[in-house]
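Here is the structure we will look at, set down as structure tokens.
What follows draws every value from the coordinates through simple rules; no lab data is involved. Owing to the predicted nature of the structure, the values given are computational and were not obtained by experimental measurement. When we count neighbours, we look across all protein chains shown, and the Cβ atoms used for this are built from the backbone with ideal geometry, even at glycine.
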Amino acid sequence: MISLTPDALSAAKTILATAKTPAEGLRIQVEAGGCSGFQYKMELETASREGDEVVDADGVKIFIDDISADHLRGMTVDFVSSLERSGFVYENPNATAQCGCGKSFA
């Protein structure tokens, strides 16, 4: 379904360990918006919801709702930290177009 690179796993584990409120994992979903039609959304999640697919990525739970699942299937999440940008980067084989920021796709 979704895979996380070692850098993304490390960042996710740090985020979960230092969260102000306890979280069970991360929710990754797709919503309408952005400059290419869809945008990625990632947030802390306390529990799975009905219809969720739950991916265990080396101890990090990723929650994906049934509407987002087809858009995210086969995606790799990386984490980069450079002078130009820092944050999660989505490599999605289902995207036919992507904006310059990498957070929006078609």
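Which shape class, rounded, prolate or oblate, goes with the chain when its Cα gyration tensor gives a ≥ b ≥ c as root eigenvalues, a/c under 1.5 marks rounded, and past that a/b bigger than b/c marks prolate? Since a/c reaches 1.5 but b/c is at least a/b, the shape of the chain is classed as oblate. With neighbour counts taken as other beta-carbon atoms within 10 Å, the residues 21, 14 rank, fewest first, as 21, 14.
Placing +1 on each Lys and Arg Cβ and -1 on each Asp and Glu Cβ, with no other charges, gives the chain a dipole about its Cα centre of roughly 340 debye.
Annotation for residue 7 and residue 70: the two label points, set 7 Å from Cα along the Cα-Cβ direction, are 3.2 nm apart.
Calculated [222 nm] ellipticity per residue, helices only, for the chain: -5500 deg cm²/dmol; basis is -39500 (n - 2.57) per DSSP H run with n ≥ 4, divided by all residues, nearest 500. For the chain, set up a GNM with springs between Cα atoms under 10 Å and report which of 24, 50, 91 has the largest fluctuation. Per the Cα network of the chain with a 10 Å cutoff, 50 tops the list.
Of 61, 20, 41, the residue with the greatest mean-square motion in the GNM of the chain, using alpha carbon springs below 10 Å, is 20.
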